[in-house]
């Protein structure tokens with residue numbers, strides 16, 4: 001039989017062990033809660049958007065390298081795209097079911113290496129303009145790049161529909177000539193702010209921190225504008241930096257980028273924050289679905305969804321709706 005003193009010592013040891021176990025449990029519980037909170041706060045998730053849905057394949061088989069995409073402002077429910085380098089200076093329109101709504105030749109423009117498409121204000125108040133980014137430079141030897149700015153055509157209803165063989169003609173395009181401050185760069189992402197018309201380019205470099213360049217659109221025709229490097233996109237752990245498309249939401253509060261794998265979105269913290277601060281905000285990852293060689297991203301006209309197409313035929317039209 002154990003002596004009273006031995007029993008007392010045994011009780012103290014058991015109590016101490018129970019106390020240590022309880023403390024460890026509380027510590028693990030706190031760590032679990034902290035980890036859960038961090039997961040809930042992480043911006044790199046698919047939770048903001050629903051899974052991607054393929055709406056249609058583009059009907060026009062001459063759209064073989066859809067390299068830019070934007071929602072029409074003059075004809076709601078329709079979209080504009082263009083082909084990549086080596087094709088004519090043509091803009092293609094289609095609806096949300098992929099049906100062709102016509103083709104326009106951009107008057108006074110050439111397609112050296114069209115890579116992206118955006119929309120915004122321009123010289124004439126109350127007129128919406130399309131901005132066409134002739135900004136590709138695979139060899140890194142262009143001393144200047146060009147953005148063509150042209151009033152957005154109104155897409156007519158009904159038939160006959162113009163084609164690439166018999167296109168309609170836009171109004172004369174203005175050529176905005178741009179230079180980088182630090183040598184030539186290849187770029188495939190053009191973003192234009194929907195209210196200010198400020199131009200943003202994200203360079204396409206195999207880097208986890210590709211540069212962001214910006215300039216205010218010129219008011220004098222023919223002027224050469226020098227871009228300013230305003231920051232970089234931190235893609236560490238998510239991408240090799242081959243950004244190939246960009247867009248700003250119609251309300252100017254969001255910005256989206258794409259690469260060959262997926263999409264990314266930045267959101268301003270409040271409506272009064274300066275837009276250039278958006279690049280310092282947490283970045284969300286967006287699933288853009290199955291694309292064969294995706295190089296486009298844009299916002300739907302109401303800003304409640306992202307859309308994407310793909311080079312190569314058949315060219316899908318993919319929609320990703322925000323929850």
Taking the alpha-carbon centroid of each part, what is the distance from the stretch 147-177 to the stretch 253-323 in angstrom?
-> 25 Å
Tell me, what is the percent relative contact order of the stretch 53-321, built from C-alpha pairs under 8 Å that lie six or more residues apart?
-> 18 percent
For a footprinting-style exposure proxy, rank 279, 104 by other Cβ within 10 Å, fewest first.
-> 279, 104
nm² value of the averaged projected area, convex hull over the Cα atoms of the stretch 53-321 = 12.9 nm²
Report the antiparallel proportion of the DSSP beta bridges in the stretch 95-183 as a percent, rounded to a multiple of 5.
-> 85 percent
Peptides 249-262, 153-166: what's the order by average Cβ count within 10 Å, highest mean first?
-> 249-262, 153-166
Could you give the nm distance between label points at residue 61 and residue 221, where each point is 7 Å from its Cα heading toward the beta carbon?
-> 4.0 nm
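Bear in mind these aren't lab numbers, they're just calculated from the coordinates by the rules spelled out. None of these values were measured; they are calculated from a predicted model. Note that each Cβ is placed from the backbone with ideal geometry, even for glycine, and that neighbours are counted across all protein chains shown.
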